[in-house]
Structures are given as C-alpha cells and as structure tokens.
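Written out below as structure tokens is the structure these notes cover.
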Amino acid sequence: MFRNAMPRYEILSEDAMANLDGGWRRIVSEIGVEFGSDRALELFRQAGQKVEDAVVRFDPDFLLEQVAKAPREFDVAARNPANSVHIGGNAMAFGSVYGPPFVREGEVRRDATMEDFRNFTRLAQSFPGLDSAGGVICEPNDAPLDSRHLDMTYALQTLTDKIYMGNVVSGVNARDTIAMTEILFGGRESIERTPATLSLINCNSPLRWDDRMLEAQFEYTSVGQPVVLTPFLLMGAMSPVSVPASLVQQIAEALSGIALSQLIRPGAPVIFGSFLSNIDMKSGSPCFGTPESAVGLLCTGQIARRFGLPVRSGGGLTSSQTPDAQAAYEGMMTMLPTFLAGINWVMHTAGWLEGGLVACYEKYVIDVQVLDMLQQEFRPLEIDEASLAFGAHDEVRHGGHFLGAAHTMERFRTCFYRPFLSSSDNYERWVRGGAKDACARAADIYRHKLAEYEPPPLDDAVREELEAYVTRRRRELGD
C-alpha cells in the first residue's frame, strides 16, 4: 500500500464549493433520487424523508447527518496481513481492471475466459505495486452465468493473498461472497471486526439506484463490509455536458447511496465513488483520458475530503483499441491526476483498454510500469547529510565530473529508479535484441511473470472447505 506524501491539488475555491453545495441540495430536495428497492424506500420513509412511488426527496441536512456517521478511514484485511490496506487519509490502494467481457492478447481480441481471469489474478499477485486483483477482472464467458461468481471468488482467494472485491450481480452472489470470505478469515465475527472485502455499487445514473445493486449493498453493509457508492457519469449521456452540473449530480447520487448504508448499519464503512468522463459528441462513444475527466477527478478528491469520506476514482483509462501511444497518454491523463487528487481506492489501475470493453495483457504491464513510476515520484524526498553529498562536491571540485566520485560508487546500483519495461539501450544493441517496442517488451514480461508464478500458501483445510462450498453451491444453482 502506497502513502502519498504530496499535498493534494485542490482546484475549487470556497465560492465554487458553495455553489456546488447549493446545486446538489436542490437536486435531492426538488427532484429526488429513485430507489428500486422496497426495503430502501421503507428505511427512508421511517427516517422521515418524502417517499413518492420509488422517488425519495431528501432533506439535505438529513443526508449530511447520515454521511457524518461513516468512518473517515478504515482497514481492509488480506489473508496475508502484510497485504492488508488502509483506506482513507493519505493512503492509496490500487486494484486492476474491472468488468471487461473481452480480452486482447497481442493481435487477438476475443471473449474472456476463466483462464484469463486466473491469469490476470496471477499477474496482480506478481506485481507488488498492485494491492488487489480487483473483482470482476474480466467476465469469463466460458463459465456458467449463475455460478461463475463462485469460481471468480475462489480464484481471488487462492491465487492471491491480497484484498479482493465482492461480486455484486445480485444479493445471492453477495451472500456467496460473504460466506466464502467467512471461510477464508475464520468466521463472521472476524470479518465484522475488520472488513475483508469491498464491493462496487454503481448508480444507474441519472438519479437511480437499481434493485440488483441495492440487494448487494444490503448484504455487504449489513455485515460491515465496505461498499464503493459510485455514480456512473458520462457527460452528455448520463449527466449534463458541463463539469459543474455533473459534479452536483455525482454528489447527490453518492450521498444518497451512502445515507442508505448508514440506515442499514450506522457507522458502516463506505467510499465516495466517482466514475466521471464524457462522450464524443460526434459519435456518442465514451471518451477517456480527457481534460474534462481529469478536472472532474481533481474536483472529486477535494469534494470527498470536504465530506470527510474516503474516495474512489482514477485508473489507467483509455478509449484506444490497442496498447499504443494513445492508450499510454490517455492512461497517464487519468493516473497523474489520480495521484494529485490523493484518491484512496483506485480501480482500473492496470489492463483497461477500448473504453473498458477489453482487458489487455500488454496494457496491464504498461499500466503497472506507469503506476510504479508514479509511486516513486510521489514518495517523500529525503534530505539529510548523506543526500546533500557535500563530500562529493569537496572531492570533485570545479569542472570535474561525479561519475567516479566515492559518493557515486557507493550508490550507483540503487541511486536512480530503474523501470522494468523501458529501454535505454543504444540503437545497435536494441536492434540486436529484436528491435522490440514497449508493447512487445510488455508481452515478454507478462509471459515471464505467468511462467514463474507460484501461488501463495493456503491452509489445506481452508482450501478444502472453500472447494466444498463452491461444489455444493454450484449444484444448488443448477450448474
């Protein structure tokens, strides 16, 4: 887990924050938010909010009272305690791509499989900069729909010893994830004491929380597992075309979902989620790595801190169809503001391609290289007697060079960061090595990582209990 030592870049003035505050208050009180769950509507009704059909019109101060119950920071346990993470404050945790139905491997674009899911899980375990493989890293289309969540959760639990995300397709899937997490961590009491999974609850923007997401939210929140309440905003489609209008919609949606979690279980851990970008106004296609999305990301970090909440946003997002220069610069256009904004939980860190439709092996490695370099860049700079190196100046004096100085000779192996993907060979040596570009080198790296992968140790009795649960539930689900 990385701790960001840099000051957060704040883009909004006090006047701007006041205008946003007025905007979201009008939305929740005059327009309201729709909830596709009778249980949710009843909780809001009992709390004194105006419920008409499926729409709740909120007292804005009620939302703030509920939000204030959520913890500012919390821990999520991994089965290897060294890989547990802290969510909030200046801590940043990173998970890989989430949700693509397709995979790209070299020139081949195809349906994702369960073996792809396992491979990406192995890669997440292999790169120390990643804190989690994520959740639905890709959608394994060769596994039965009703039971594939069991295989995915089992892979996340056994092929990594890092934190993982819960399945949110339905309440049933959430209950299975919770049951398997109890097996892995030794019971309900253990995971209620320290959460052991976190889950993504997306708003069906604009201004609607649907029944499946809410079913999963009820399950996870009721046992104290954190949920990431995330408005899904593509400006021009699911929100207005201006950044300020989208920000106030995002606040209204996120706070209403967070308030529900606090009614389900006061003090339940939550994360203020953000997925904000725009569409191409010529084609209607989603765009990523845009200046507007970067501005929205920076604003979101500041807004979430104002509410005293951990925040999710960012990632290596791109619209590109291949892991090319466009993919690289659009990914950096999202990852750099992610660090500048001090985002606490970062999804889609590695592997995202083609607007999220594709999980790409080569892009995965490229993104991890970007992550690794940014983590190095944002570490605190140590300034002490050794780093000031007066002795080196005294040795070299005027007009000399430092290549052979004692200070250099003592530190040359570790003094500078060495990227694992980049090439700094001269042209002749690069040609002799096959004249490989970054994408080809990334392919070599992921294949090498998979070839040398070794699963982290797991108690045989726990593994057998997990396997028995998966087998029994698959049979009960008819698969």
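Just a few scattered comments:
- For the range 137-282, the calculated P(r), taken from all Cα-Cα distances in 5 Å bins from zero up to the bin holding the longest distance, is 2, 10, 18, 19, 17, 14, 11, 6, 2, 1, 0 percent.
- Fraction in percent of alpha-carbon pairs per bin - 10 Å, the range 188-242: 24, 41, 23, 11, 2
- D_trans [Stokes-Einstein, Kirkwood Rh over alpha-carbon pairs] for the range 266-358, 37 °C, 0.692 mPa s, µm² s⁻¹: 244 µm²/s
- Ligands, DNA and RNA left out, the accessible area of the chain computed with a 1.4 Å probe is 52% carbon and sulfur.
- Annotation for the range 365-412 versus the range 222-301: alpha-carbon center distance of 41 Å.
- Put a dot 7 Å past the Cα of D459, heading toward its Cβ, do the same for R3, and the two dots end up 3.1 nm apart.
- Set of the range 229-254 residues, backbone N closer than 20 Å to the point 7 Å along the Cα-Cβ line of D53: 253
- At a probe radius of 1.4 angstrom, the accessible area of the range 26-109 per residue rounds to 47 square angstrom.
- Packing-based ranking of 136-148, 97-109, 399-411 yields 136-148, 97-109, 399-411, ordered from highest to lowest mean Cβ neighbour count within 10 Å.
- Taking packing as the residue-averaged number of other Cβ atoms within 10 angstrom, the listed peptides 386-392, 111-117, 257-263, 423-429 run from highest to lowest as 257-263, 111-117, 386-392, 423-429.
- Over the range 112-200, the alpha carbon radius of gyration divided by the compact-protein estimate 2.2 N^0.38 Å works out to 1.03.
- Test item: Cα-centred dipole of the range 126-195, Lys/Arg +1 and Asp/Glu -1 on Cβ, debye: 140 debye
- The ratio of the alpha-carbon radius of gyration of the chain to the globular-protein estimate 2.2 N^0.38 Å is 1.02.
- Accessible area of the range 393-479 divided out per residue, in Å², using a probe of 1.4 angstrom: 77 Å²
- If only the Cβ of Lys and Arg carry +1 and only the Cβ of Asp and Glu carry -1, the dipole of the range 439-479 around its Cα centre is close to 300 debye.
- Burial ranking of peptide ranges 462-473, 38-49 (average Cβ count within 10 Å, highest at the top): 38-49, 462-473
- Take the Kirkwood radius over Cα pairs of the range 144-195, plug it into Stokes-Einstein at 20 °C and 1.002 mPa s, and you get 189 µm²/s for translational diffusion.
- Rounded, prolate or oblate (a/c below 1.5 giving rounded, otherwise prolate when a/b exceeds b/c) for the range 344-444 by Cα gyration tensor: oblate
- Radius, Kirkwood style, for the range 371-429 when every pair of distinct Cα atoms is counted (Å): 14.1 Å
- The distance separating the Cα centre of the range 312-343 from that of the range 79-128 comes to 16 Å.
- Residue (of N344, G391, T322) at the positive-pole extreme of the chain, dipole from beta-carbon charges: G391
- Distant alpha-carbon pairs in the range 430-469 (separation over 13 angstrom), percent: 68 percent
The values are calculated or read from the model by the stated rules, or taken from the named source; none is laboratory data. All of these numbers come straight from a predicted model, not from anything done at the bench. No Cβ is skipped: glycine too gets one built from the backbone with ideal geometry, and neighbour counts run over all protein chains shown. Quick note on the areas: whole protein, heavy atoms, side chains included, nothing else; ligands and nucleic acids left out. Shrake-Rupley method; radii C 1.70, N 1.55, O 1.52, S 1.80 Å.
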